[in-house]
Amino acid sequence: MNDSASCKTSLMLKRIQKKATTSADIFWHIKTVLFSLISAVVSIGICSKASPLYAFDDYDDLHCFITVAKSMLSGMVPYRDLYEQKGPLLYMIHTLAILISDKSFIGVYLLEVLCFTCFLFLAYKILLLLRSNISPFWIPVIAVFSCTANCFYQGDSSEELCLPLITYCIYCGLKAMLSDSLPTRKESFLIGITSAFVLWIKYTMLGFYIGWFVALLIYSVRSKSFVSLLKRLLMIILGVITVTIPILIYFAVNHATHDLFEVYFYNNIFLYTEERYDNRLDSIISSLRIGKTFYKYSFGKMSYVILLPFADMVINKKYHMANLFAASFVGLFVFIFIGGTHCVYYSFILLPFLVMSIPTICKIKDKLIKWFVDNIEKTSVVDTTLKAVRSTKAKAAAGLILCVCCVAFSFINGNYTTYLKYDKSDYPQIKFAEIINQKQDATLLNYGFLDSGFYYAADILPNCKYFCGLNIELDEITETQNRFIEEGLVDFVVTLNYELESDNYSQVLESSFENKTYYLYQLNE
């Protein structure tokens, strides 16, 4: 064979090998995505109240999102026409859920499943970075651990929706540090996109990106690649602008830019936070201590495993990865708890850092098994047993048993699975809606507490800007709601654990549910 023919044959073999590798990679991605999807469908289906398994979802934050989103589809503008303090992108995303179904929560459920599938897939890719031979059966374990943690709060929280965004950035950062480089330009642009999503959903989680970038800055200084970092920063900024411009255009066209910045930024920063001490430093320290307590409560004894991946990185002299882990965790933790207001679901966004402990746990497990095998007496029975345990069929059977156990564990330990016993007719929202809907074009006010689904159940859009009570010190909310009652501007008023004293309204129904008592009042003729 001449040299020319030999070169052609070699080139052809390389192309075939590359095509085979690409096909195998695509197949692996499809298989992993499907496994992540199934795990998400099952775990979210059991643990989230937006799941079709539950008769009704009375989660107040979810209904705040849905009420604003439905109002947007009817031409209203957030902050200008309806006062709610979360990010505008959150409402825009929920319009998609409503377009899927405005009569059920299936759209919200599918949104949760999509986000959780992406998180599980990216979490597994992180595990593979840290340990190349890790089993995919960790995916359902992660799913169950996440959805049964104390900080999994009813489903559809801002933290849950942002989880895959934060996880993607962690993956890109770790991959770059592992290969002694910076994220690629494409990855940097996507990081800009995801960080902009976080900015316009709940900006307190941006502390993660600050810590993440500080770690990359330290790496760039030490590796003398500062110019490359600036190029990546420009790509990140471009990604942020790509998402931000359409949002700003929407509010500018609707003459609501001032409302956006006043409500979402100014009021949240200066009115939503809680000062515990006269000294600002003491207040910050106290807030972070309480945040630490909330974190421990969220994950129980598992909260301590967060030290394992950091220790493992330091011991193995992977200092850039350790810096990335520590800086991004601290940045995220400080920003979500520093304000002084604490909710248990805030900790849910910290899940990716706990997930990174799995490779270290596996490493410890392997060492213990090796020690055990090396120190037991080798007999034919022992050798046969070890071979059987290590066989492919045994591993597949163990994986199947594990999945069944995960499903059972979810039902037993899910935070809200006790709600599965209720029928739709048990909920006060449904009972009240039957009465409200007897009046044509009825109006409603959710008085003094978070929107708990009374607008949704009665299929009513608010006619009051302050359509519900919020966790924010703003006198205008109470004053406006009181004025609507004093002037009889709504047909029906709902109160929680509070009987309304007004000559304009008469109580028509009282309903108790899960240690809460709701009262329905109707305007006197």
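The values are calculated or read from the model by the stated rules, or taken from the named source; none is laboratory data. For clarity, every value in this text was computed on a predicted model and none was experimentally measured. A quick note on method: Cβ atoms are made from the backbone with ideal geometry, for glycine too, and the neighbour counts reach across all protein chains shown. Only protein heavy atoms, including side chains, enter the accessible area calculation; ligands, DNA and RNA are left aside. Shrake-Rupley method; radii C 1.70, N 1.55, O 1.52, S 1.80 Å.
Take the conditions over 20 Å from Ile134 (Cβ atoms), modelled with pLDDT under 85 and of a type in the set (Val, Ile, Thr) and apply them to Ile290. Does it pass?
no
How many of the residues in the range 324-337 are open to solvent by 50 Å² or more (accessible area, probe 1.4 Å) and either outside any helix (DSSP H, G or I) or modelled with pLDDT of 95 or more (or both)?
Residues in the range 324-337 being open to solvent by 50 Å² or more (accessible area, probe 1.4 Å) and either outside any helix (DSSP H, G or I) or modelled with pLDDT of 95 or more (or both): 1 in total.
In the range 21-35, what count of residues is obtained for those that are small (Gly, Ala, Ser) and open to solvent by 60 Å² or more (accessible area, probe 1.4 Å)?
1
Limited to the range 85-106, what total is found for residues that are out of contact with any strand residue (DSSP E or B) (no Cβ under 7 Å at 6 or more places or on another chain) and either free of Cβ contacts under 8 Å to residues at least 12 places away in the same chain or of a type in the set (Phe, Trp, Tyr) (or both)?
4
Find all pairs meeting these conditions: Cβ atoms under 8 angstrom apart; at least six residues apart or on different chains; first residue within the range 477-491 and closer than 13 Å to Tyr447 by Cβ and among the acidic types (Asp, Glu); second residue open to solvent by 30 Å² or more (accessible area, probe 1.4 Å) and in a helix (DSSP H, G or I).
Qualifying pairs under 8 Å: none.
Considering only the range 498-521, how many residues are open to solvent by 20 Å² or more (accessible area, probe 1.4 Å), under 13 Å from Tyr447 (Cβ atoms) and touching a residue at least 24 places away in the same chain (Cβ under 8 Å)?
Final tally of qualifying residues: 3.
If you go through the range 151-160 one residue at a time, how many are part of a helix (DSSP H, G or I) and out of contact with any Cys (no Cβ under 9 Å at 6 or more places or on another chain)?
Within the range 151-160, residues that are part of a helix (DSSP H, G or I) and out of contact with any Cys (no Cβ under 9 Å at 6 or more places or on another chain) number 1.
Just to check your reading of the model, which residue among Lys175, Lys224 is basic (Lys, Arg), open to solvent by 10 Å² or more (accessible area, probe 1.4 Å) and touching a residue at least 40 places away in the same chain (Cβ under 8 Å)?
Lys175
Return the total of residues in the range 106-147 being open to solvent by 30 Å² or more (accessible area, probe 1.4 Å) and more than 16 Å from the chain's Cα centre (by Cα).
Number satisfying all stated conditions: 13.
Scan the range 65-82 for residues that are aromatic (Phe, Trp, Tyr) and over 18 Å from Tyr109 (Cα atoms) and report the count.
Residues flagged as aromatic (Phe, Trp, Tyr) and over 18 Å from Tyr109 (Cα atoms) within the range 65-82 amount to 1.
So that you can scan it fast, the table gives a plain yes or no per residue for (1) of a type outside the set (Ser, Thr, Tyr); (2) open to solvent by 10 Å² or more (accessible area, probe 1.4 Å); (3) within 28 Å of Asp426 (Cβ to Cβ); (4) without any contact (Cβ under 8 Å) to a residue 60 or more places away in the chain:
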site	(1), (2), (3), (4)
Leu37	yes, yes, no, no
Val42	yes, yes, yes, no
Gly45	yes, no, yes, no
Tyr54	no, yes, yes, no
Leu62	yes, no, yes, no
Lys70	yes, yes, yes, no
Leu73	yes, yes, no, yes
Tyr83	no, no, no, no
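For the subset of the range 291-323 comprising residues that are open to solvent by less than 50 Å² (accessible area, probe 1.4 Å) and within 21 Å of the chain's Cα centre (by Cα), which member is farthest from Glu159 (Cα to Cα)?
So, considering only residues that are open to solvent by less than 50 Å² (accessible area, probe 1.4 Å) and within 21 Å of the chain's Cα centre (by Cα), the one farthest from Glu159 (Cα to Cα) is Val305.
Do the conditions hold for Ser158, that is, is it open to solvent by less than 40 Å² (accessible area, probe 1.4 Å), touching a Lys or Arg at 6+ places or on another chain (Cβ under 7 Å) and more than 17 Å from Leu216 (Cβ to Cβ)?
yes
Name every residue in the range 463-497 that is surrounded by 13 or more Cβ atoms within 10 Å (Cβ to Cβ), under 13 Å from Tyr83 (Cβ atoms) and not polar (S, T, N, Q), in order of residue number.
Cys464, Lys465, Tyr466, Phe467, Cys468, Gly469, Leu470, Ile472, Leu474, Ile477 - these are the residues of the range 463-497 that are surrounded by 13 or more Cβ atoms within 10 Å (Cβ to Cβ), under 13 Å from Tyr83 (Cβ atoms) and not polar (S, T, N, Q).
Output the residues belonging to the range 310-321 that are in a helix (DSSP H, G or I) and farther than 13 Å from Gly173 by Cβ.
Answer for the range 310-321, where residues must be in a helix (DSSP H, G or I) and farther than 13 Å from Gly173 by Cβ: Phe310, Ala311, Asp312, Val314, Ile315, Tyr319.
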